[in-house]
Amino acid sequence: MPILAADRDDSFFRASVNGLSPYQPGKPIEHVQRELGLEHVVKLASNEGPFGPLPAALEAIGRTASELNRYPDGAAHALHHALAELHGVPVVNVCVGAGADGCIDYLSQAILDPGDEIVCGWPSFPSYVIYARKQGAHAQLVPLRDHRYDLEAIADAITPQTKIVYICHPNNPTGTMNTTDELDAWFERVPQHVITVVDQAYFEYIDRDDYPDAVERYFKAGRDVVVLRTFSKIYGLAGQRVGYAVGPAQVIAAMTKVRRPFDLTTTAQVAALASIDGGGGEIERRRAINSVGLERLFEILTEHGLEPVPSVGNFVYADVGGDATELFERLLREGVIIRPLAGFGSPTAIRVSVGTPDELETFAGALGRVLLRA
């Protein structure tokens, strides 16, 4: 007789895991095509850039394809050193990860014990909360003010048990930011027992005098801060999963201890290395195109009776006045994937990413049709 797998109840698993709600990614295009029998599907759900990898990154991936029988460089030596040089910091202050999301996980594993706390604004990026709760830590969620991180209220929410405060900058999903003056005041006030994590995943999209480079302004000034960046957005490498953290040497060392040695594939490492120089002005070109697309997306939502929140990222947030899943499902049947935001803490809102001009016009037509039928 074969031995059958045991039917285990929740007591077999960690209590902190039993209580988790896993992150729900945006639907893949192929899944929607297969499920609904559609040929043409536009995805504006996951804040991916509409452009692919830089030519140099594609070339680097091609060069390494014949060597994929070998494990990646577990230390990501070349990438660590290149990023350190890019930012003008020692290599001991840099930790690469499987996206900025991977670095959030490393921070949680390295720092948080059961009973510890993190504080963040809400609605915001769910990984801050999920990874903290996975460790048995408590997530203190502070409501946004005018769709922006309320840094004064967040400071008031800090307790002796707080170890990490996340500042999503700009905030995902609302696309809003805090000014340099506001962040300066934050770092003057934050207690010494707390480390601040400034998540700048959309850094390259923003060209404003009042938006600070947190590595230059705060980390290099000696503030107790970890700054997150990623190659997933404007560099077009979301499918390769490459992000990194710049922070104090002790924190980076602890993150390295919990980082799996082969988290970054060979192709991910060489693609990121080849992208660092920006492709001879290509990043600036993409930033300019995104700015135009952002204006058009805001216009589309406004023309259809919604009140979108002004954004500095590559996406726009809008409250739809009811369960956003209904609008999401209707648009899905039109071949357009957007993001309903219940998992981000905003069940009545949607987030729409900037796509190509053609993709945005497809969205405009689909939105008009579903709202007319409603």
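The values are calculated or read from the model by the stated rules, or taken from the named source; none is laboratory data. No experiment lies behind these values; they were computed from the predicted model shown. No Cβ is skipped: glycine too gets one built from the backbone with ideal geometry, and neighbour counts run over all protein chains shown. What goes into the accessible areas is simple: the full protein's heavy atoms, side chains included, and nothing from ligands, DNA or RNA. Shrake-Rupley method; radii C 1.70, N 1.55, O 1.52, S 1.80 Å.
Ranked from the most accessible area to the least, with a 1.4 Å probe and all protein chains present, what is the order of Ser46, Ser232?
Ser46, Ser232
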* Give me the accessible area per residue for the stretch 1-77, probe 1.4 Å, as a whole number in Å². => 75 Å²
* Structure fact -> A correct Karplus calculation of ³J(HN,Hα) over the stretch 192-200, with 6.51 cos²θ - 1.76 cosθ + 1.60, θ = phi - 60°, whole Hz and x for Gly and Pro, returns 5, 7, 10, 9, 9, 10, 9, 8, 10
* Structure fact -> Kirkwood-based Rg/Rh on the Cα set of the stretch 285-325 evaluates to 1.03
* Structure fact -> In Å², rounded to a whole number, the accessible area per residue of the stretch 156-236 with probe 1.4 Å is 36 Å²
* Asked: When the convex hull of the Cα atoms of the chain is projected onto a plane and the area is averaged over all directions, what value comes out in nm²?
  -> 21.9 nm²
* Structure fact -> Inter-part gap, Cα centre of the stretch 250-325 to Cα centre of the stretch 121-199, in whole angstrom, is 19 Å
* Asked: For all pairs of alpha-carbon atoms in the stretch 92-188, what percent lies in each bin of width 10 Å, listed from the first bin to the last filled one?
  -> 16, 46, 35, 3
* Asked: In a solvent-free Debye calculation with one equal scatterer on each Cα, what is log10 I(q)/I(0) for the stretch 1-123 at q = 0.16 Å⁻¹, listed in the order of the q values?
  -> -1.25
* Using modelled amide H (1.01 Å from N, peptide plane; none on Pro or chain starts), what sits under 5 Å from the amide H of Arg145, excluding residues fewer than 5 places away? -> Asp150
* Under the Karplus relation 6.51 cos²θ - 1.76 cosθ + 1.60, θ = phi - 60°, what is the ordered set of whole-Hz ³J(HN,Hα) values for the stretch 84-98, x standing for Gly and Pro? -> 4, 5, 4, 9, x, 10, x, 5, 5, 9, 10, 9, 8, x, 6
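Roughly what % antiparallel, to the nearest 5, for the DSSP beta bridges in the chain? Kindly include the intermediate steps, with their values, before the conclusion.
Details: 20 of 40 bridges.
Around 50 percent of the beta bridges assigned by DSSP in the chain are antiparallel ones.
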* Structure fact -> Ordering Phe363, Phe51, Phe219 by the accessible surface of their heavy atoms, 1.4 Å probe, largest first, yields Phe51, Phe219, Phe363
* Structure fact -> Rounded to the nearest 5, the percent of antiparallel DSSP beta bridges in the stretch 32-177 equals 10 percent
* To do: Apply the Kirkwood formula to the stretch 136-262: the hydrodynamic radius equals the inverse of the mean of 1/r over all pairs of different alpha-carbon atoms; give it in Å with one decimal.
  => 15.6 Å
* Asked: So what's the back-of-envelope 222 nm ellipticity for the chain, counting only DSSP H runs of four-plus at -39500 (n - 2.57) apiece and dividing by all residues, rounded to 500?
  -> -11500 deg cm²/dmol
* Asked: Top mean-square fluctuation among Ala82, Ala56, Ala221, Gaussian network model of the chain, C-alpha springs under 10 Å?
  -> Ala221
* Among 19-32, 182-195, the order from most to least packed when residues are scored by Cβ within 10 Å on average -> 182-195, 19-32
* Structure fact -> Scalar couplings 3J(HN,Hα) for the stretch 17-28 by Karplus 6.51 cos²θ - 1.76 cosθ + 1.60 (θ = phi - 60°), nearest whole Hz, x for Gly and Pro, are 7, 4, x, 7, 10, x, 4, 10, x, x, 5, x
* Could you sort Phe298, Phe315 by accessible area so the largest value comes first, with the probe set to 1.4 Å? -> Phe298, Phe315
* To do: Keeping the other protein chains in place, figure out the carbon and sulfur percent of the accessible area of the chain, with a 1.4 Å probe.
  => 52 percent
* Assuming a viscosity of 1.002 mPa s and a temperature of 20 °C, what translational diffusion coefficient in µm² per second does Stokes-Einstein assign to the stretch 210-309, Rh being the Kirkwood radius over Cα pairs? -> 130 µm²/s
* Structure fact -> accessible surface per residue for the stretch 271-374, probe 1.4 Å, DNA/RNA/ligands not counted, whole Å² -> 42 Å²
* Structure fact -> Classified through the alpha carbon gyration tensor (a ≥ b ≥ c as square roots of its eigenvalues; rounded if a/c is under 1.5, else prolate when a/b is larger than b/c, else oblate), the stretch 34-98 comes out prolate
